[in-house]
Amino acid sequence: MEKENQKYQTFLLDDTNYITELSPKYQRQKNYELKNPFIIKAFLPGKIMTIPVKEGQKIRMGETICSFDAMKMENYITSQVNARVKKIHITVGRVVTKNDLLFELEPLDESEIH
Amino acid sequence: MKEEQNLFKQKTEELQKRKEIAEAGGGQEAAAKQEAKGKMTARKRILALLDEGSFQEYDLFVQHDARDFDMANKFLAGDGVITGTGTIYGQPVCVYAQDFTVEGGSLGFAHARKITKIMDHALKMRMPLIGINDSGGARIQEGVNSLAGYGEIFFRNTLNSGVIPQISVILGPCAGGAVYSPALTDFVFVVENISKMFITGPEVIKAVLGEEISMEDLGGARVHAEISGNAHFYSKSEKECFDQIKKLLTFIPWNNGQKARAFPPKPPKPEYKIEEIVPADPRQHYDVRNVIRAIVDDSDFFEVSELFAPNIVIGFGRINGETVGFVANQPLVLAGVLDCDSSDKAARFIRYCDSFNIPIVTLEDMPGYLPGIDQEHMGVIRHGAKMLYAYSEATVPKITVILRKAYGGGYIAMNSRHLRSDFVFAWPTAEIAVMGPEGAANIIFRKEIQTAENPEEMRKQKIEEYKEKFANPYVAASKGYIDAVIEPEKTRAILLHSIEVSSNKTEGRPKKKHCIPPF
């Protein structure tokens, strides 16, 4: 009986609590991750070809910070923001898998923006 | 004269010898290998599916004419596929089964031509087509000819769609382009540990994306029955699968010009009592399948896509001997909400019923659409629209019974009067409103609740007020959106009456080449 009760959960919709089961697919859902332009992750697995920036370097929006070989194509990662490279987590030649952390960026100081 | 008789005998014996060789497929060793995997051979499958002694094979002696890559010296029995006609419960069907023991059941041009020939036959003779898939894929040695073969099959699947029932049985690998034939057919059957379906396999995924997954977890039977929704029927063995196919065929007509066969009427089993199944409190769960069992003949409900999107239930039953398609929200799972998958599942089923002259009964009890980033990004707008489209488009008799909750956009979508339902009935427990009382009271009386001395007390009072005024079937009934408020125990009787009086229904739609549904 206890097991039977564990199956049912409260499910809130429009301020009403419904007593119901949750489907396996629903339970497998992953939480949505807010996009952060200062954290750069691999969107595809591949091999790092070039890293044309160094730690501490100022970069401009649209600047290429890494090229890598994936899906038999050369791909480029560009910065979405004006920033400084805080940390580089990869080296040339390394094979990365999807969602591996590649770069951490940091915002520029007020004085550096202009 | 005697000499002639001898010659006749000799020729007949030669035929038998040739047949024996071809019917052996890939030979005993290959057959034993197949059986060791828990799989029947192609020929045994056909014989197990059809009425005993009813199978007539065609094109047994067809041979490929490929010459490249040493193919000229290769004898492939029946070119790796068995085709023919037979009967199931005395009704004629066309059938083909790929033979994995012959060159891995690979699809070459002659193989494809055998399949398309039986498909053309099924269409011309207006009878169901059952395809048993067990193939390694394209016969690479035959190059583009093999691809041409697939294309010819897909084209015919599309032509046949909505004219004759097309059933796909996946009893082995079915990978790459090959999966698109089943995907174009009406019902897909899979068996645990035997069926494997995917566009790109685990090896390719690993090579390209670096992600590792087993074949079973990527495209096994359970995955397609529960997650992707590509399969409609799931079973544990081939025998169980064939029983499911035979049962399905008792509920559907042989083509779109007919009605499903009528059976002798039977009452529902007495253990299913509607008033004992459904709690009056709209927040409490119950299994809506038991409500259906309380309505249909002999309480025999044949569910389709049981594991996929279980928050909506679809399937066939009979009322007074006649097949009816059921679409019902399932309060047992996710409170019966509508979402991408459940809309998609129901929409397809509604179109199936409409194509094949099967009246649709909708049982409604849902709190609205599932909120979430996932849902919005997956396109709940487009998928949800499919259901509105399917109901609006359908011209078979359409009857709705509102059991409890009918809130918001979901109320419109679930075959409301506004989408041209023929009859809408409601139980006295029905609540037809823009949203549930709690949510509605919190919005309408926000100010009063906020400024009250005791906000919680005020909230409760306002919820009660709203419930009393709007959470009932009588507002909708006063506007004629509901035809009758009925006693729950009379549901079967009223559905029976509604179907009887709809037997001559004629309803037109504007002339068009075809519609543009939100695919």
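The values are calculated or read from the model by the stated rules, or taken from the named source; none is laboratory data. None of these values were measured; they are calculated from a predicted model. We place every Cβ from the backbone using ideal geometry, glycine too, and count neighbours over all the protein chains shown. Surface areas here come from the heavy atoms of the whole protein model, side chains and all, with no ligands, DNA or RNA. Shrake-Rupley method; radii C 1.70, N 1.55, O 1.52, S 1.80 Å.
Results, tabulated for the structure shown:
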read-out	value
1 or more residues closer than 23 Å to B:Lys117 by Cα and either among the hydrophobic types (A, V, I, L, M, F, W, C) or touching a residue at least 24 places away in the same chain (Cβ under 8 Å) (or both): qualifying helices (runs of 4 or more DSSP H) within region B:1-101	B:2-23, B:42-49
Residue satisfying condition, being under 26 Å from B:Asp281 (Cα atoms), within 12 Å of another protein chain (Cβ to nearest Cβ) and buried (at least 23 other Cβ atoms within 10 Å of the Cβ), within set B:Val337, B:Val313, B:Val361, B:Val327	B:Val337
Residue check for A:Val81: touching a Pro at 6+ places or on another chain (Cβ under 6 Å), more than 14 Å from chain B (Cβ to nearest Cβ) and more than 30 Å from B:Thr200 (Cβ to Cβ)	yes
B:Asn230, sole failed condition from (1) among the polar types (S, T, N, Q); (2) out of contact with any Pro (no Cβ under 9 Å at 6 or more places or on another chain); (3) assigned to a loop (DSSP other than H, G, I, E, B)	(2)
Helices (runs of 4 or more DSSP H) within region B:431-506 that include 2 or more residues away from chain A (no Cβ under 14 Å) and open to solvent by 40 Å² or more (accessible area, probe 1.4 Å)	B:446-451, B:455-470, B:474-478, B:491-501
Residue list for region A:88-108, filter: more than 14 Å from chain B (Cβ to nearest Cβ), over 10 Å from A:Ile39 (Cα atoms) and in a strand (DSSP E or B)	A:Ile88
Matching strands (runs of 3 or more DSSP E) fully within region A:1-73 where at least 3 residues are closer than 25 Å to A:Val96 by Cβ and touching a residue at least 12 places away in the same chain (Cβ under 8 Å)	A:39-41, A:46-50, A:64-70
Of the criteria (1) loosely packed, with under 14 Cβ neighbours inside 10 Å; (2) at pLDDT below 90, which one A:Val95 fails	(1)
Failed condition for B:Pro371, given (1) outside any loop (DSSP other than H, G, I, E, B); (2) within 11 Å of chain A (Cβ to nearest Cβ); (3) open to solvent by 40 Å² or more (accessible area, probe 1.4 Å)	(1)
Filtered residue count, region B:49-89, keeping only those that are out of contact with any strand residue (DSSP E or B) (no Cβ under 8 Å at 6 or more places or on another chain) and of a type outside the set (A, V, I, L, M, F, W, C)	13
Of residues in region B:367-420 being small (Gly, Ala, Ser) and in contact with a Leu (Cβ under 6 Å, 6 or more places away or on another chain), the one nearest to A:Leu34 (Cα to Cα)	B:Gly410
Which listed residue, of A:Ser67, A:Ser111, is modelled with pLDDT of 90 or more and either over 30 Å from B:Glu438 (Cβ atoms) or away from chain B (no Cβ under 13 Å) (or both)	A:Ser67
Any hit, region A:7-22, residues being under 29 Å from the mean Cα position of the chain (by Cα) and either within 30 Å of B:Gly439 (Cβ to Cβ) or surrounded by fewer than 12 Cβ atoms within 10 Å (Cβ to Cβ) (or both)	yes
Residue in region B:55-67 that is modelled with pLDDT under 95 and among the β-branched types (Val, Ile, Thr) present	yes
Condition check for B:Ala183: open to solvent by less than 20 Å² (accessible area, probe 1.4 Å), in contact (Cβ under 8 Å) with a residue 12 or more places away in the chain and among the hydrophobic types (A, V, I, L, M, F, W, C)	no
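Let's see how each residue does on (1) away from every other protein chain (no Cβ under 14 Å); (2) open to solvent by 20 Å² or more (accessible area, probe 1.4 Å):
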position	(1), (2)
B:Val188	yes, no
B:Ser195	yes, no
B:Ile205	no, yes
B:Ile213	no, yes
B:Ile252	yes, no
B:Asn256	yes, yes
B:Ile295	yes, no
